[in-house]
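Readers should treat all values here as calculations from the given coordinates under stated rules, not as data from a laboratory. No experiment lies behind these values; they were computed from the predicted model shown. Neighbour counts are summed over all protein chains in view; Cβ atoms, including those assigned to glycine, are modelled from backbone coordinates with ideal geometry.
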Amino acid sequence: MSQETKALFIIFGATGDLAHRKLYPALFRLYQKGYLQETFAVVGTARREWSNDYYQEVVLDSIAKMNGSEEEKESFSSHFRYQSHNVKDTEHYHTLRKLADQLDEEYGLEGNRIFYLSMSPSFFGTITSHLKEQSLVTERGFSRVVIEKPFGTDFDSSKELNDEINASFDEDQLYRIDHYLGKEMVQNILALRFSNRLIENSWNKESISNIQITLSEKLGVEERGEYYDKSGALRDMVQNHVLQVVSLLTMNKPEVFDTDTIRQEKMAVLEALKKPVVSFDEKTDFVRGQYAQSTDGKVKAYREEDKVNTETTTETFVAGQIAIHNDTWEGVPLYIRTGKRLAEKTTRVDVVFKETDSSLFNDQPSVLTIHINPEEGFELTVNNKQVGPGMNLEPITLSGLRSDEETEKSPEAYEKLILDVLQGDETHFAHWGEVATSWKYVDQIRKVWDCNTESIPFYPALSMGPEESDQLLAQNGHEWVYKG
């Protein structure tokens, strides 16, 4: 049986989609595995007037299709309570504190509290100040705050938000969730790099030609049109997910595997990012695009989506080349791209090695591919002699992909990250320094793009983006490994 942790979860935004799709199933998996047993409780809060019984039915509905007996699911849901709550009303926090203290005593939680803020960031400061002032933060046990993105819309707004939260909670009490950092194969990057001498010794500018990161989504903006039109792909994906993956791929080897050391190494990379050249000609390091109607006319354009401005120039696609100014990576471009309505849903990293110096063979560059989602695992493409006379080469792929069954059993990102919060492990969460430095980098791109709202390159829905994305690599004599 796994080691149990005692805690009270208070979820702000408990009636929302994230709680229903991700949080309740993640908590149930932790319950099934014994990380949560009898000494835990959950208080859900939101504006809606729900009863405890109705809330427990909602929780049961969210886990209805998961494995487990009805008895087990009923036992799990019995730990949930609901309170209708206006986050601006001080009196509501007094009521919430009484309920929390009651559950603390009933379940023997020893004052351990996790506050999960699954709400608009505009409420973060209000909630955290009330939690402190109305004594929901206990003197005994731990108090931890989990924050969902977006964490601001630029550096200035993120700093203002951070300052508000820091007025009530210390940095080591904050857990900024980036669900990409909970993905199995993202966490595997450091293991791959630093536990294999073959790879570790060739992970540098002498051996690597370029690194390509693709975060491709087949879906459009769905019901998020209003939010997305104010955000765009740069803010929604590059500032957080993409730059976090960049830092893991290029950080130096930590002396020890602990939170502080890994954060220091990640920060060193982010601070070494060269200022991007952003223009509207071929000299630019970053290009954008917006999906138009698909070539067969079956998929509508972004401008036709619900709650999207019909003349918007918000980007649904970003591609860029990132340069790192340090001894290890000087001269090695990291190409990144992410977008909506692309050909396939995939998250992958392609590490392209340099060709050999020898002229003995007509060899092609070797490529190591890290499949993050939906496939999980590694593939290494190397040169091999063709069967038969002569010394002609052909590429073969050595595959270490996980089976569908293994992938299915792999813990979901939220399950792993909530367990980390329970155990006080901040390794896979974004530190304020990382957030701030990422925003400063992205703001340089955003500032230029915001100066031109007249036009934007288009790409057909279900393609791999605009031509400008291919041209970005072609100017260096490179091309995308993944064609879609």
Apply the Kirkwood formula to region 179-331: the hydrodynamic radius equals the inverse of the mean of 1/r over all pairs of different alpha-carbon atoms; give it in Å with one decimal.
17.8 Å
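Cross-chain or 8 or more residues apart, Cα under 14 Å: how many lysine pairs in region 7-148 fit that? Count them up, please.
4
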Among V442, T427, Y414, whose Cα sits farthest toward the positive end of the charge dipole of region 406-448 (+1 at Cβ of Lys/Arg, -1 at Cβ of Asp/Glu, about the Cα centre)?
V442
Suppose we look only past 27 Å in the calculated P(r) of region 322-448. What percent of the Cα-Cα pairs does that tail hold?
46 percent
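Taking the Cα centre of region 7-148 as origin, work out the dipole magnitude from +1 charges on Lys and Arg Cβ and -1 charges on Asp and Glu Cβ, in debye rounded to 20.
560 debye
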Please work out the C-alpha center-to-center distance from region 214-293 to region 300-344 and express it in whole Å.
9 Å
Which residue, T126, G111, L27, has the largest displacement toward the positive end of the dipole of region 7-148 when charges sit on each Cβ (Lys, Arg +1; Asp, Glu -1)?
T126
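Answer rounded, prolate or oblate for the chain, using the Cα gyration tensor with square roots of eigenvalues a ≥ b ≥ c: rounded when a/c is under 1.5, else prolate when a/b is larger than b/c, else oblate.
It comes out prolate by the Cα gyration axes.
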As an exercise, identify the GluC sites (Glu not before Pro) in region 377-473 lying in DSSP coil whose Cβ has no more than 11 other Cβ atoms within 10 Å.
E454
Relative contact order (%) - region 105-219, alpha-carbon pairs under 8 angstrom, separation at least six
23 percent
Simple label model, 7 Å out from Cα along Cβ direction - T126 to S69, nm:
4.5 nm
Cleavage-rule hits, GluC sites (Glu not before Pro), region 234-333, DSSP coil, Cβ neighbours within 10 Å at most 15
E255, E282, E311, E330
May I ask you to compute the full-extension gain from E57 to A191, defined as 0.36 nm times their residue separation minus their alpha-carbon distance, rounded to one decimal in nm?
44.1 nm
In whole angstrom, the spacing between the Cα centers of region 72-98 and region 34-59 equals 7 Å
Scan region 131-173 for GluC sites (Glu not before Pro) in coil per DSSP, keeping those whose Cβ has at most 10 other Cβ atoms within 10 Å, and list them by number.
E139
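Taking 0.36 nm per residue of separation and subtracting the Cα-Cα distance, what length does fully extending F280 through D296 add?
2.8 nm
Taking 0.36 nm per residue of separation and subtracting the Cα-Cα distance, what length does fully extending T328 through K253 add?
25.9 nm
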Ranked by Cβ crowding within 10 angstrom, fewest neighbours first, how are F280, F286 ordered?
F280, F286
Run the numbers on region 7-148 and let me know its relative contact order in percent, using alpha-carbon pairs under 8 Å that are six or more apart.
32 percent
If I take R0 = 41 Å and measure r between the Cβ atoms of S78 and L219 in this structure, what FRET efficiency does the formula 1/(1 + (r/R0)^6) give, to the nearest 0.05?
0.70
So for D154, D178, D61, fewest C-beta neighbours within 10 Å to most, what's the order?
D61, D154, D178
Expressed in angstrom and ordered largest first, the alpha-carbon extents of region 7-148 along the principal axes are 42, 30, 25
